[in-house]
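Working notes, structure below.
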Amino acid sequence: MPVYKAPLRDMRFLLNEVFDYPSHYASLEGGANATPDIVDAILSECGRFCEEVLSPLYQSGDEEGCVLKDGEVTTPKGYKDAYQQYVMGGWQGLSAPEAYGGQGLPASMGLLKQEMMGTANWPFSMYPGLSLGAMNTIYLHGDEDQKQTYLVPLTEGRWGGTMCLTEPQCGTDLGQVKTRAEPQADGSYAVTGTKIFISSGEHDLTENIVHIVLARLPDAPKGTRGISLFIVPKFLPDADGGVGERNGVTCGSLEKKMGIKASATCVMNFDGAKGFLIGPENQGLECMFTFMNTARIGTAIQGVGPAELSYQWSLDYAKERRSMRALSGKKDPDQAADAIIHHADVRRMLLTQKAVAEGGRAMLYYAARLADHMVEGHTQGDDKKVEEYDDKLGFLTPILKGFLTELGYECTNLGMQVFGGHGYIREHGMEQIVRDTRIATLYEGTTGIQALDLLGRKVLLMTKGGAVRDFSLTVANFARKHVADKRLRPFAVELLKLTAQWNVLTMRLMLAARKDRDLVSAAANDFLMYSGYVTMAYIWLRQAAAAAARLDNGGEQAPEFYQAKLATAEFYFERLLPRAQTHATSMLSPTRSLMQLDAEHMSFMG
């Protein structure tokens with residue numbers, strides 16, 4: 001059975017040499033305990049847990065899946081024990097406030113943990129992952145009584161959490177939400193409606209499940225302006241903060257899915273369930289964005305994780321599998337054939353996986369630093385700081401989610417291709433990674449929705465191109481510093497050209513959209529992918545610069561690692577980054593070829 005190996009060497013490189021996390025943590029009000037030794041110990045222990053406990057359950061969980069009987073869901077064998085080990089290790093509260101039972105470490109530490117867990121066993125990691133979003137929402141928008149009631153058991157991992165948005169008639173268009181909340185004499189609300197695609201909606205890992213639910217008050221305005229947010233627990237808390245009577249919320253069915261079968265995806269029925277308003281009336285969508293943004297960054301990990309896992313397994317296979325002779329001559333003359341890793345096309349696939357996995361991880365770590373500052377702003381009550389870093393992170397979030405999940409899925413298919421026919425056979429695990437990863441481009445907003453959010457809302461509507469100008473200036477300033485280095489000059493010069501082009505493309509789209517409103521939707525996907533390739537190029541230049549500096553100043557202890565970084569950066573710039581120009585051309589194409597056919601003429605079936 002294939003196994004997962006935590007990429008601790010690469011993680012330490014990013015933390016200590018590329019992004020200088022030790023200084024970053026030292027600058028944070030709550031970062032005093034995140035010393036290099038503590039961080040390294042946490043990474044090592046989390047890596048051990050993922051390798052020894054979670055990874056062995058990945059394939060067996062897929063084979064067994066979840067079972068619904070009499071309204072109760074049973075998770076696959078080994079999941080309950082693994083979850084108890086997770087709870088006993090204190091992993092759920094790693095970045096949670098100490099006031100509510102957490103360890104108070106920076107938010108980015110939680111992301112490092114999530115990356116390893118998600119790579120080792122994504123379906124398992126979804127259970128505690130959904131809880132983290134519920135915790136963030138209650139912490140930022142709940143009153144003190146709600147925090148005391150729900151945050152402590154959620155932080156301890158005794159209770160789980162969900163987000164309940166989607167309904168049968170609406171997914172992305174939440175203005176169509178029909179679930180209603182009737183005010184009750186005791187100040188609570190009776191919540192009635194049906195929610196679908198609810199991850200972790202019902203399971204046997206925790207003693208209670210706290211649902212964060214969008215619903216409408218009786219006099220609410222129509223559309224998204226009339227949505228409120230409610231806490232609806234599976235069991236009502238008793239007077240002592242424990243589990244009380246059963247609430248009117250049940251699992252109606254489990255979805256039969258393509259992948260992530262060990263993760264319970266539920267249809268949830270709320271039948272006059274007692275709920276409690278969180279945040280202001282009719283502002284539920286704004287509050288829910290806290291949860292959604294948390295989930296979207298988390299989903300971006302499902303682009304990086306599968307690329308990493310697929311790369312690890314296909315690399316091992318390519319070293320052992322023998323077929324034909326390399327075109328440049330025999331590489332393994334004592335064997336009947338050469339290992340397929342010597343074939344250029346196989347190396348193309350492996351290096352694509354490596355470049356995406358390592359580049360994507362670095363993109364996440366770059367964003368995680370911004371998240372730390374935003375969380376600190378919330379803690380300090382510094383609205384200006386929150387707004388500054390929320391804007392920066394808001395620009396990157398759709399790129400992280402959309403671009404990384406699209407490339408991550410591509411990488412899983414490349415891994416399967418490296419295996420050839422064996423990749424199609426279940427026992428090797430490659431087809432499971434493909435199936436599990438396909439959902440990543442869909443949930444928490446499809447790639448198209450992320451693209452519209454990026455181009456239509458964040459770039460054109462909200463900032464008039466300012467978001468691109470600000471970020472591209474950061475990129476260009478970094479590139480200019482390395483133009484004189486002959487090893488980095490090709491990368492830096494290309495990046496400077498791209499930052500200029502990025503701004504020109506943005507302006508041209510802004511002007512063209514005034515005459516053709518469909519252009520924004522038509523160009524959005526290409527704009528997102530272009531933005532992703534440029535952003536990853538910036539991140540690869542940062543890695544290459546750190547590697548070059550280390551080789552010049554003491555990298556002789558592990559020169560192969562740093563040389564591999566430079567080689568992978570070269571591969572990215574030469575083989576993957578040129579894709580950006582295809583997207584640049586396509587995004588400026590007229591919409592006529594898309595829109596000229598009437599709906600009834602799209603098909604001629606006779």
Item to check | Those residues of the stretch 248-273 which are at negative phi, surrounded by fewer than 20 Cβ atoms within 10 Å (Cβ to Cβ) and of a type outside the set (S, T, N, Q), in sequence order | outcome: GLY248, GLY252, LEU254, GLU255, LYS256, LYS257, MET258, GLY259, VAL267, ASP271
Item to check | Search result, residues across the stretch 577-594 that are among the hydrophobic types (A, V, I, L, M, F, W, C), surrounded by 13 or more Cβ atoms within 10 Å (Cβ to Cβ) and farther than 14 Å from LEU498 by Cα | outcome: MET587, LEU588
Next on the checklist: Looking at the stretch 126-141, can you tell me whether even one residue there is farther than 20 Å from ARG48 by Cα, of a type in the set (Gly, Ala, Ser) and not in a helix (DSSP H, G or I)?
Outcome noted: no
Next on the checklist: part of a helix (DSSP H, G or I) and either surrounded by fewer than 19 Cβ atoms within 10 Å (Cβ to Cβ) or of a type in the set (A, V, I, L, M) (or both): which single residue out of GLU245, GLU281, GLU286 fits that description?
Outcome noted: GLU286
Checklist entry - Within the stretch 181-217, can you find the residues that are farther than 20 Å from THR250 by Cβ and either at pLDDT below 95 or touching a Ser or Thr at 6+ places or on another chain (Cβ under 6 Å) (or both)? => result LEU217
Checklist entry - Does at least one position in the stretch 511-529 carry a residue that is in a helix (DSSP H, G or I), surrounded by 14 or more Cβ atoms within 10 Å (Cβ to Cβ) and touching a Pro at 6+ places or on another chain (Cβ under 7 Å)? => result yes
Checklist outcome for this item: In the stretch 549-571, anything crowded, with 21+ Cβ neighbours inside 10 Å and either of a type in the set (S, T, N, Q) or under 15 Å from ALA479 (Cβ atoms) (or both) is listed as ALA569
Checklist entry - What do you reckon, is TYR389 free of Cβ contacts under 8 Å to residues at least 60 places away in the same chain and crowded, with 17+ Cβ neighbours inside 10 Å? => result yes
Item to check | the stretch 556-570, residues that are among the aliphatic types (A, V, I, L, M) and more than 18 Å from ALA357 (Cβ to Cβ) | outcome: ALA558
Next on the checklist: Being assigned to a loop (DSSP other than H, G, I, E, B) and farther than 30 Å from SER593 by Cα is true for just one of ALA549, ALA484. Which residue is that?
Outcome noted: ALA484
Next on the checklist: Being assigned to a helix (DSSP H, G or I) and buried (at least 19 other Cβ atoms within 10 Å of the Cβ): is that true of ARG369 here?
Outcome noted: yes
Item to check | Selection status of GLU156, out of contact with any His (no Cβ under 7 Å at 6 or more places or on another chain), closer than 22 Å to GLY102 by Cβ and acidic (Asp, Glu) | outcome: yes
Checklist entry - Can you find a residue in the stretch 439-446 that is without any contact (Cβ under 8 Å) to a residue 24 or more places away in the chain and farther than 27 Å from THR535 by Cα? => result no
Checklist entry - How many of the residues making up the stretch 69-78 are within 21 Å of TRP122 (Cβ to Cβ) and in contact with a Cys (Cβ under 9 Å, 6 or more places away or on another chain)? => result 4
Checklist entry - Counting only residues that are in contact with a His (Cβ under 8 Å, 6 or more places away or on another chain) and more than 28 Å from GLN302 (Cβ to Cβ), how many does the stretch 124-149 have? => result 0
Checklist entry - Taking only pairs six or more apart or across chains, which ones have beta-carbon atoms under 6 Å, a first residue in the stretch 338-354 that is farther than 20 Å from VAL304 by Cβ, and a second residue that is part of a helix (DSSP H, G or I) and charged (D, E, K, R)? => result ALA339/LYS319; ILE341/LYS319
Next on the checklist: Name the single residue that is surrounded by the most Cβ atoms within 10 Å (Cβ to Cβ) among those in the stretch 67-87 being in a helix (DSSP H, G or I) and in contact (Cβ under 8 Å) with a residue 40 or more places away in the chain.
Outcome noted: TYR79
Checklist outcome for this item: Filtering the stretch 305-350 for residues that are surrounded by 18 or more Cβ atoms within 10 Å (Cβ to Cβ), among the small types (Gly, Ala, Ser) and assigned to a helix (DSSP H, G or I) leaves a count of 5
Next on the checklist: Going by what's in this entry, would THR379 be described as in the same structural domain as PHE403 (by TED's automatic domain parsing) and touching a helix residue (DSSP H, G or I) at 6+ places or on another chain (Cβ under 8 Å)?
Outcome noted: no
Item to check | Filtered residues of the stretch 154-186 (kept if under 25 Å from the mean Cα position of the chain (by Cα), under 25 Å from ALA239 (Cβ atoms) and surrounded by fewer than 24 Cβ atoms within 10 Å (Cβ to Cβ)) | outcome: GLU156, GLY157, ARG158
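The values are calculated or read from the model by the stated rules, or taken from the named source; none is laboratory data. Please read these numbers as outputs of a predicted model, since none were measured by experiment. Here the Cβ is made from the backbone with ideal geometry for all residues, glycine too, and neighbour counts use every protein chain on show.
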